[in-house]
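Asks: Sharing a structure here in structure tokens format.
What follows is calculated from the coordinates using simple rules that are stated; it is not laboratory data. The structure presented is a predicted model; accordingly, all values stated were derived computationally and were not measured. Backbone-built Cβ (ideal geometry, glycine too); neighbour counts: all protein chains shown.
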Amino acid sequence: MFDYLVTVGTNQRDDLEQLVYALFGNLADSLARKFQSLETVSQLHLALTDTFIKYALTALPEVPASLMTGARARATKIYEQVNLTAAREFQRRRESDAYSPAELGIEEEPATLS
């Protein structure tokens, strides 16, 4: 009787252990696929942005030399506005905790006692 109970208990423990390992394996595979998808989307975004910029540069007409100074001044002003807008958006997200470890899904490392 004792041998039977030990055998049954051990088999159940082995089954549970295999189930846990299988679950962790599935989780790791799922995360790997999600990171691969994220990388693919990121690469697609970069490729589309690159293509758009190349198209825009070839489709824009040549600026006459007489208008070059004014065009540079307007372009500089627009560039500065884009950078300021991006900086403000970054600051807004930072203040709203959008970049906190919890929002980003990153677990903070436990504090070590000195």
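Asks: Can you give the local net charge around E103? Use residues other than it whose beta-carbon is closer than 10 angstrom to its beta-carbon, Lys and Arg +1, Asp and Glu -1. The partial results should precede the final answer.
Replies: Values: positive: R93; negative: D97.
Counting the neighbours of E103, the net charge comes to 0.
Asks: Grab the beta carbon distance between L46 and R92, set R0 = 30 Å, and tell me the FRET efficiency rounded to 0.05.
Replies: Working: r = 25 Å, r/R0 = 0.82.
Taking R0 as 30 Å, the efficiency between L46 and R92 is 0.75.
Asks: Let me know the Kirkwood hydrodynamic radius for the range 1-60, please, with Cα pairs as the basis and the value in Å to one decimal.
Replies: Taking the inverse mean of 1/r over all distinct Cα pairs, the range 1-60 comes out at 15.9 Å.
Asks: Which whole-Hz couplings ³J(HN,Hα) result when phi for each residue of the range 67-80 is put into the Karplus expression 6.51 cos²θ - 1.76 cosθ + 1.60, θ = phi - 60°, listed in order with x for Gly and Pro?
Replies: These are the phi-based 3J(HN,Hα) values: 9, 4, 4, x, 5, 5, 5, 5, 5, 5, 4, 5, 4, 5 Hz.
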